Every structure is written in C-alpha cells, then in structure tokens.
Amino acid sequence: MFALASYLMRKSNVRTFNTIAERDLSFTQIKALCAMDESSEQRCVKELAESMGVSLAAMSRAIDGLYERGFVDRQEDLVDRRMKRVRLTEAGRSMTSSLAEGRLAGIQEFLDSLSDAQAAALACALEAILDDRPEIAELRPAQPARPRRS
C-alpha cells in the first residue's frame, strides 16, 4: 500500500504544486485552507494556529492574505471580541477542490495505465473497503454521467 500511495503522490504532486504556485499561496495558507475544508463550521484563528503548530502571528498573516483574496470570511467572536473566527467561502472551497483535481488527475493517469483485469481487481478491493468505511466513501468525487450504449 505504501509503495502505491508513494507512486500516486509523486505523480500528482507536480500538478498540485503548480496550482499552489500559480495562486501564490504560502504553505501556512494551504494548511489553513485544508484544515478549514474539513468542516463548514467557523474556526478560531488561535485554534487553527495551535492545531498546525504555527505562531498566532503567522496564522493571522496567512488568514489576512486568504481574506484579501476572498478565500475566507472572518468575524469577531461573539463572546471574546479579541478572537477572530474564520470559515471558507465558496472561493476557498473551490481552491481546495482545485488542489484535489491535481491529485485526481495523477490517480486517473495511473488507472488508465492498468489492464482491464487489474482495474477490476482494484475496483473490487476498493469497493469492499468503501462499503465498510462511509467516512472514506463520502469523499468520492462526483462521477460524470456515462453515455448509454444503444
């Protein structure tokens, strides 16, 4: 499993890193976007900083940049006005989706390289896992409608 995951990451990293470079995002900004993408709830800037092991000042700068680009919405905490709460906007979710698209393209290239027998075996193994792991199954990308054969 490790070898396959490593191969897939190598194949998809270039696209993902190119997307990050094109958007001129810092590593801290990417980490913050990905952390906020896990939930639609507002997160405290201080909590984000602590969870990622960065200083509050560094996280505040990262959030300021994301806010200026429209990737996050921020508000003062209703209880403690010194605290700022942030959440992803649609543009922010779109950004995290574009990062995932780069990874998916690398995976698709790998899948296209498989023989029919290999693809069927992999699909069978993955379906057995997804049947028992709804938290993984819910992350499947939307599949385009397949054309009907006449």
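Data overview
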{"read-out": "Residues with amide H under 5 Å from that of Cys44, placed H, sequence gap 5 or more", "value": "Val86"}
{"read-out": "Proximal charge balance of Ala119 [Cβ under 14 Å; K/R count +1, D/E count -1]", "value": "-4"}
{"read-out": "Of Ala125, Ala62, Ala49, the one that fluctuates the most in a GNM where the chain has Cα springs shorter than 10 Å", "value": "Ala125"}
{"read-out": "Residue-averaged [θ]222 nm for the chain, counting only DSSP H segments that reach four residues, each worth -39500 (n - 2.57)", "value": "-21000 deg cm²/dmol"}
{"read-out": "Paramagnetic reach from Ala125 in segment 5-36 [backbone N under 17 Å; point 7 Å along Cα→Cβ]", "value": "5-9"}
{"read-out": "Bins of 10 Å, starting at 0 and running to the largest distance - Cα pair percent for segment 2-137", "value": "11, 32, 29, 19, 8, 1"}
{"read-out": "Dipole moment magnitude, nearest 20 debye, segment 2-137 about Cα centre, only Lys, Arg, Asp, Glu C-beta charged", "value": "620"}
{"read-out": "Segment Met83-Tyr67, length gained on full extension (0.36 nm per residue, minus Cα span)", "value": "4.2 nm"}
{"read-out": "Angle in degrees between helix 116-132 and the longest Cα principal axis of the chain, rounded to the nearest 10", "value": "50"}
{"read-out": "Nitroxide proxy distance, nm - points 7 Å out along Cα→Cβ at Tyr7 and Ala57", "value": "4.7"}
{"read-out": "Fluctuation leader among Gly53, Gly70, Gly92 - the chain, Gaussian network, Cα springs under 10 angstrom", "value": "Gly53"}
{"read-out": "Segment 2-137 - percent relative contact order, Cα under 8 Å, separation 6 or more", "value": "28"}
{"read-out": "Relative packing of peptides 100-108, 113-121 - highest average C-beta neighbours within 10 Å first", "value": "100-108, 113-121"}
{"read-out": "Amide H partners (placed H, <5 Å) of Leu114, local residues excluded", "value": "none"}
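Every number here is computed from the coordinates shown, using simple stated rules; none is lab data. Only a predicted model underlies this, so the values are computations on that prediction, with no experimental measurement involved. Positions of Cβ are backbone-derived with ideal geometry, glycine not excepted, and every protein chain shown enters the neighbour counts.
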